[in-house]
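Quick note: the coordinates plus some simple rules give every number you see, no bench work behind them. This one's a predicted model, so the numbers in the text were calculated from it and none came from an experiment. Don't worry about glycine lacking a Cβ; one is built from the backbone with ideal geometry, like all the others, and counts go over all protein chains shown.
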Amino acid sequence: MNLSDLLTGLKEKGLKLTPQRQQILRVLLAAEQPLSAKELGMLVNRRFPNVGLGTVYRTLDTLKQLGLVNETVFPGGGRRYELCREHRHHLVCLGCGRAVAFPFCPADCLAKIAAANPDFDVRGHSFAVFGYCGKCRKAQA
Ligand SMILES: [Zn+2]
Ligand SMILES: [Zn+2]
């Protein structure tokens, strides 16, 4: 997925592509790690100093609704965002916030959930594993 594909897709979905929104997408596209809204805002502010955190949150909400952005919610309430490229999940470190992707789904678990809720039309899922990475564990020891 590149920026122009993404922008064309958004235009088709009727989203107004302001320069600020385009910059948010550019930053998300370039990011190798899921970003918090604050980090995202800071990176966007390098080129657009006037973009407030409110705009960042609103844009993330819109992108989330369109299924273009994936949100990981931390047990402590923090949230990180990344573009949905290929479908994948993450091991997320509670110490440093780093996320390592793994390319498979908790299929057994999803099948059980679907079987237990036959009325529910499942359209997607999110799943993350939280813990402490090797670096953070060493720092704690
Ligand atoms: Zn860590
Ligand atoms: Zn999955």
Using the crude model of +1 on Lys and Arg Cβ and -1 on Asp and Glu Cβ, and no other charge, please compute the dipole size for region 1-84 relative to its Cα centre, in debye to 20. 280 debye
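Counting only DSSP beta bridges with both residues in the chain, what percent are antiparallel, rounded to the nearest 5?
Given both bridge residues lie in the chain, the antiparallel proportion sits at roughly 70 percent.
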Using only the Cα atoms of region 86-141, what are the Rg and Dmax in Å? 15.1, 48
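Classify region 16-61 as rounded, prolate or oblate, taking a ≥ b ≥ c as the square roots of the eigenvalues of its Cα gyration tensor: rounded when a/c is under 1.5, otherwise prolate if a/b is larger than b/c and oblate if not. Working shown, then result.
Details: a/c = 1.30, a/b = 1.25, b/c = 1.04.
Rounded.
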Is there a quick way to get the dipole size of the chain? I mean about its Cα centre, with the Cβ of Lys and Arg at +1 and of Asp and Glu at -1; what is the value in debye to the nearest 20? 580 debye
Coil-residue GluC sites (Glu not before Pro) of region 54-141, DSSP, other Cβ within 10 Å capped at 14: GLU86
What's the center-to-center distance, using Cα atoms, between region 42-67 and region 118-136 in Å? 24 Å
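Quickly estimate the mean residue ellipticity at 222 nm for the chain, helices only: each DSSP H run with n ≥ 4 gives -39500 (n - 2.57), and the total goes over all residues, rounded to 500.
Working: 6 runs with 61 residues, N = 141.
Taking each H run of at least 4 residues, the total per residue is -13000 deg cm²/dmol.
Please compare each pair in LYS38/LYS135; LYS13/LYS112; LYS112/LYS138; LYS11/LYS112; LYS112/LYS135 to a cut-off of 26 Å on the Cα-Cα distance and tell me which ones are over it.
Working: LYS38/LYS135 24 Å; LYS13/LYS112 33 Å; LYS112/LYS138 37 Å; LYS11/LYS112 37 Å; LYS112/LYS135 35 Å.
Long pairs (Cα-Cα over 26 Å): LYS13/LYS112; LYS112/LYS138; LYS11/LYS112; LYS112/LYS135.
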Which chymotrypsin sites (Phe, Trp or Tyr not before Pro) does region 42-114 hold that lie in a coil by DSSP with at most 15 other beta carbons within 10 Å? PHE104
May I ask what percent, to the nearest 5, of DSSP beta bridges between residues of region 86-141 are antiparallel? 50 percent
